[in-house]
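The block underneath contains the structure these notes are about, expressed in structure tokens.
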Amino acid sequence: MLHALLDTLWLVPIYSLVGAALSLVWVPSITRRTGPRPAGYVNILMTLVSFLHGLGALGVVWGRSPVLWEVEWFRVADLAFTIPVEISTLTVGAIVLITGLNLLAQVYAVGYMEMDWGWARFYALLSFFESGMCALVLCGSLFFSYVILEVLTLGTYLLVGVWYNQALVVTGARDAFLTKRAGDLILLMGVVALLPLAGTWDFNALSLWASSGTADPTALAWVGLALLAGPVGKCAQFPLHLWLDEAMESPLPSSVLRLSVVVATGAWVLIRLLPLLDASPVVQSVAIAIGAATALGASLIAIAQIDVKRILSYTVSAYMGLVFVAVATRNQEAALLLVLTHALAIALVVMAAGSIISNCITQDITQLGGLLLRRPITAFTMAVGIAGLVGVPPLGTAWVFQELVSQLWYGQRGLAILVLVVNALTAWSMARLFWLVFGGAPKQMTLRSPEPIWLMVVPMMVLAGVVLHVPHLLWQWQLVQDWAVLGQHSGIAVMVSSFLGLGLGTLWFRRSRTGEPFVPWLLPLQNFFAYDFYTVKLYRYSIVWIVDRFSRLVDWGDRFVIDGIGNFFGVATLFSGESIKYTTFGQLQFYVLTIIGGILLLFLLVAS
Amino acid sequence: MVLSALIWLPILGAVLTALMPSAKGAKATAIATLSAVVGLTLWVSRQFLLTEGGFQFREALDWLPNLGVNYTLGLDGMSLPLVGLNGLICWLLVFAQNASAGRSRLLMVLLLLTCGGVNGAFLATNAMLFVIFYELELIPLYLLIAVWGSAKKEYAATKFLIFTAVSGILILAAVLALGWLSGGEQPVFDYVQLRQQALPLPLQRILLLALLIGFGIKAPLVPLHTWLPDTYVESSSTVAMFLGGVLAKLGSYGILRFAMPLFPEAWAELSPWLALWAGVGILYGAFAAIAQKDIKRMVAYSSIGHMSYILLAAASGTALSLVGAIAQMVSHGLVLALLFYLVGLIEQKTGSRELDVLNGLLNPIRGYPTTSALLILGGMASAGIPGMVGFAAEFLIFQGSFSAYPLPTLMAIAGTGLTAVYFVILLNRTCFGKLDNNLYYPKISGLESIPSLVLAVFIVVLGLQPALLLRWSESTAQSYGSAAFLPPPVIALHPISHD
């Protein structure tokens, strides 16, 4: 016996699953009677229960050593599918983060989705995600992590497709599902290939195995690369990054959850796999290359977007790229911390953006402007979110970046500079976002724009409070022990990069009120970024084209060649029968001749 | 006697159904018969010894002892799940029949006859007896396709008949040769004895090839599948469910039961090619499905790829992959039956199954939200999303086959990805999108949804706890699995505290 709250911690994923299941009650005929709202309230209640349970458990587990359980799912032919459950400060903390953010997102959605009819589906899916993520952080097995990631891929398809009667939503859901599934299946190949090598899927046992040096380096590299594909898909890294942008077609409250914690599921699995990746230099360099390319590329793409949600989605890709870099360079503490601070800050920025979108109708920032005095609360929360996202001391991310830069500076200086550059670019991009929305004179879309309903404002304010208190929490948790590190070179470098980006962005976009490029000849370059390196076209003319043409070729071959052979025999039989029937002359001699000829032929065949 | 009851009860029920004075009485009789079959199967499963790998509940009656053809029945972990599947699907099909519709009585009679025949094939432990049952169910089946199909039903039924007849002839020839060339005074067709005899390798090769082609036509395996799209598409959804859900399993059952264990040397020699064949078949079926514009045809093509997983599992022949193969037969039966049922329902109500015509069926007011939701579930189960029965089966096949045949296994995994591609195409076009404002389709009643709901419950429950399905076949698979799948010992963990 540990403590009732810990012993029953496995209930946390169940609560929200029950909520999701209860939403199924609201079929159209019942929704017509009760309205769609009760389904939402049920789910909010279940999430609240999860959150309180998690919070209580966090207090209990604090300072204890991790507890491991094993639950057997089933066992067949000498292969046991055992779920290792790991309860530690880290996992329970992650649960609190997930349930807390989901609680805020759900309350926010009550305001945002006020007029919507599909509450039952939407809330059920949010709960489904919460449940899946809580299960993911608790389970310590690669196999079950794969299972959960794959189920969440299906969840993404349905959640992006909530407003399924719009064309862009349908294609967005399709692309999100297929891209993530491609990553998942390569991960599955890794999972399948790993078992005969290591004999286990347990993360702890895997790390022992990887460090024991018994593994064949080539096999390890191949398996490692396959395993990397899962997180690459989940974290929207190059070349599987396209889906996150298209997934922005889903209702905004789900983006709060997706951009903050759902993408981080990939990072979480990557961190758990670190010992395995660590053992193979090839995998490590590939992870760094992917992360660095995404971090730089996506932050440049973000600057060229005019859609608020796209700006944010590419920013998330860029930050996940930094997490990849941090993990691959063995700074897993910094990686985890970055996941935390990024999640809180980006959730806040998304909520603030949603507060604008909800009553200005548009999410095109070139049509917005002049909202600073009309929407002071939103402006404040967005400013706090931005400050938390880019390294503005003393808020959270500054500490993480300081740590990363100081770790990377001696050894991998290029990566340290990369972190600073990405930070500066993101700061520039966020300044652009902020001033195009709030600065300048009001435009047509922003002439009448009050603050939204309290149901949206309160979650924003609460989250802003949390983001502002992150440094305090870090101090409390003794993750930060010395304020003086901010005064070191690395701390100053981070500060300079942030303020350079924010300052220059402010200077530029407070004046420049259009989305025009700085200089006309830069237009092709701007388009190159605005169209996401033309990745959509690249896919359309490569993989999609190949699959499409090849499937048509197979279908053609199937109809005309393979089926044709069968039909040929049929026709040949009919034809020969039809022609032979005219040989029935009634002349006995002719029949005898045929028989003798046949016998002779047989004899010759046998004799030879 | 209980196994005989499983065979003859449906046939007796067919006679009674034919004799019932009223249409309602006929349906009630058919349902009562099949309920008895399902109940009997449940009772058998209660008595079934899980640790026993061989045949249980054996029955033996001398029939033509001089020819070696005897009425011997037995049930093991390979046949039990399939008998259960057969009973369940038949029950649902009869339940879904509209008793007042014309000729529904004939349909039920034929269904019951086929149900009995299929059970006979699954339970026969004499190879000739198997062939007899295998051939007998062809007659009612031909009628089922030819009478209730759509426009090109005669063409489809004849094509099916010819292909299946060729399959039957090859199997008959192979089994006859197997019995007569065993070297004894009298021909031997008893399965247990056949497994013990050793044939010379060249003979094994020839017979194995004949059986593979014979069962490959039935399953079907690429390129012997050309009867399938026409037959599945042209027959009514009831018959398509039965064909795809149950009948196709006779082919894969034959491969697992006869082709694989009876010719061990030839099988070992051939299995790398079989694995590759399976991999190609999986990809072929998936690519062909992607190009389809007709949802029923798409589902039909999905079946081709999914049956090839079983060949892959048989080729690698590990205990793990064989458990997976048996589970895959059941899972494929459930999922395909669900998909065909829903597609049939949609066709019946909307009058179309064209991807370019259907749209927005998820619409909660004028569309079919429940049916669409179940279609999403079925498609995703077919694509092997965890939490549904298909994943458990496919994963065991992948894991069991990877060590032996890595490349075909990777092809199979890629195949599940392509399966997702065409089901997303299907779902995006039919369920998602905007329903035309002027379209008012007839409602789907709750009663009509029941068969699909039952199948969905099975798919989800067996997916959440696969042991419910896998435990029946574990011992049998271990007795067949030549190479045991044994991962190296797990490295010792730091102490785990159990509470």
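The values are calculated or read from the model by the stated rules, or taken from the named source; none is laboratory data. Keep in mind it's a predicted model, so treat the numbers as computed, not measured. Quick reminder, even Gly has a Cβ in these numbers, built from the backbone with ideal geometry, and neighbours come from all protein chains shown.
You will find that of A:THR584, A:THR506, A:THR573, the residue that is polar (S, T, N, Q), more than 28 Å from the chain's Cα centre (by Cα), loosely packed, with under 13 Cβ neighbours inside 10 Å and farther than 30 Å from B:TRP227 by Cβ is A:THR584 and no other.
Among the residues making up the range B:54-82, those that are buried (at least 19 other Cβ atoms within 10 Å of the Cβ), touching a Ser or Thr at 6+ places or on another chain (Cβ under 8 Å), not in a helix (DSSP H, G or I) and not polar (S, T, N, Q) are B:PHE55, B:LEU73, B:GLY74, B:ASP76, B:GLY77, B:MET78. Hey, does the range B:363-373 have a residue that's part of a helix (DSSP H, G or I), in contact (Cβ under 8 Å) with a residue 60 or more places away in the chain and either surrounded by fewer than 24 Cβ atoms within 10 Å (Cβ to Cβ) or within 20 Å of the chain's Cα centre (by Cα) (or both)? Yes, the conditions are met somewhere in the range B:363-373. With respect to being among the β-branched types (Val, Ile, Thr) and facing another protein chain (nearest Cβ under 10 Å), B:ILE304 fits the description. Does any residue of the range A:481-489 turn out to be of a type in the set (Gly, Ala, Ser), under 19 Å from A:GLU333 (Cα atoms) and part of a helix (DSSP H, G or I)? No, that holds for no residue. Is it true that B:SER452 is under 26 Å from the mean Cα position of the chain (by Cα) and within 11 Å of chain A (Cβ to nearest Cβ)? No, not satisfied.
Residues are listed down the side, and each one gets a yes or a no for (1) surrounded by fewer than 24 Cβ atoms within 10 Å (Cβ to Cβ); (2) over 18 Å from A:VAL496 (Cα atoms):
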position: A:MET382; (1), (2): no, yes
position: A:GLY396; (1), (2): no, no
position: A:ARG413; (1), (2): yes, no
position: A:ILE417; (1), (2): yes, no
position: A:VAL422; (1), (2): no, no
position: A:TRP435; (1), (2): yes, yes
position: A:ALA441; (1), (2): yes, yes
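Taking helices (runs of 4 or more DSSP H) as the structural unit, those lying wholly within the range B:176-272 and holding at least 1 residues that are at pLDDT below 90, within 21 Å of the chain's Cα centre (by Cα) and over 15 Å from B:TYR134 (Cα atoms) correspond to B:227-234, B:237-242.
Results for (1) over 13 Å from the mean Cα position of the chain (by Cα); (2) surrounded by 23 or more Cβ atoms within 10 Å (Cβ to Cβ), shown as yes or no for each residue.
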{"residue": "A:SER127", "(1), (2)": "yes, yes"}
{"residue": "A:MET133", "(1), (2)": "no, yes"}
{"residue": "A:VAL137", "(1), (2)": "yes, yes"}
{"residue": "A:SER141", "(1), (2)": "yes, yes"}
{"residue": "A:VAL160", "(1), (2)": "no, yes"}
{"residue": "A:TRP163", "(1), (2)": "yes, no"}
{"residue": "A:GLN166", "(1), (2)": "yes, no"}
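The rows are residues; the columns are (1) within 10 Å of another protein chain (Cβ to nearest Cβ); (2) part of a helix (DSSP H, G or I); (3) modelled with pLDDT under 90; (4) buried (at least 20 other Cβ atoms within 10 Å of the Cβ).
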position: A:VAL25; (1), (2), (3), (4): no, no, yes, no
position: A:ILE30; (1), (2), (3), (4): no, yes, yes, no
position: A:ARG33; (1), (2), (3), (4): no, yes, yes, no
position: A:LEU48; (1), (2), (3), (4): no, yes, no, no
position: A:LEU52; (1), (2), (3), (4): no, yes, no, no
position: A:ARG64; (1), (2), (3), (4): no, no, yes, no
position: A:VAL71; (1), (2), (3), (4): no, no, yes, no
position: A:LEU90; (1), (2), (3), (4): no, yes, yes, no
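Candidates in the range B:377-418 are the residues that are among the polar types (S, T, N, Q) and within 10 Å of another protein chain (Cβ to nearest Cβ); of these, the one that is farthest from the chain's Cα centre (by Cα) is B:SER403. Within the range B:445-457, the residues that satisfy the criterion of being surrounded by fewer than 21 Cβ atoms within 10 Å (Cβ to Cβ) and part of a helix (DSSP H, G or I) are B:GLY446, B:LEU447, B:GLU448, B:SER449, B:ILE450, B:LEU453, B:VAL454, B:VAL457. Looking at A:VAL85, A:VAL42, just one residue is at negative phi and away from chain B (no Cβ under 14 Å), and that residue is A:VAL42.
Tell me which residues, restricted to the range B:133-175, are among the small types (Gly, Ala, Ser) and crowded, with 17+ Cβ neighbours inside 10 Å. Within the range B:133-175, B:ALA146, B:GLY149, B:ALA156, B:ALA157, B:SER167, B:GLY168, B:ALA174 meet the criteria.
Is it the case that some residue within the range B:389-398 is charged (D, E, K, R), out of contact with any Pro (no Cβ under 6 Å at 6 or more places or on another chain) and surrounded by fewer than 20 Cβ atoms within 10 Å (Cβ to Cβ)? No, the range B:389-398 contains no residue that is charged (D, E, K, R), out of contact with any Pro (no Cβ under 6 Å at 6 or more places or on another chain) and surrounded by fewer than 20 Cβ atoms within 10 Å (Cβ to Cβ).
Listed here are the residues, each with its yes/no results for (1) surrounded by fewer than 24 Cβ atoms within 10 Å (Cβ to Cβ); (2) assigned by TED's automatic domain parsing to the domain that holds A:ALA427.
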| position | (1), (2) |
| --- | --- |
| A:ALA292 | yes, no |
| A:ILE301 | no, no |
| A:VAL308 | no, no |
| A:SER313 | no, no |
| A:LEU336 | yes, yes |
| A:HIS342 | no, yes |
| A:ALA352 | no, yes |
| A:ASP364 | yes, yes |
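Annotation note: of B:LEU111, B:LEU144, B:LEU129, the sole residue that is hydrophobic (A, V, I, L, M, F, W, C), farther than 21 Å from B:ASP190 by Cα, assigned to a helix (DSSP H, G or I) and modelled with pLDDT of 90 or more is B:LEU111. Condition check for B:ALA315 on (1) farther than 30 Å from B:LEU50 by Cα; (2) part of a helix (DSSP H, G or I): one failure, at (1). Checked against the criterion of being within 20 Å of the chain's Cα centre (by Cα) and polar (S, T, N, Q), the candidates B:ASN66, B:ASN70, B:ASN86, B:ASN98 yield just one match: B:ASN86. For the range B:36-53, residues that are exposed (fewer than 15 other Cβ atoms within 10 Å of the Cβ) and touching a strand residue (DSSP E or B) at 6+ places or on another chain (Cβ under 8 Å) total 2.
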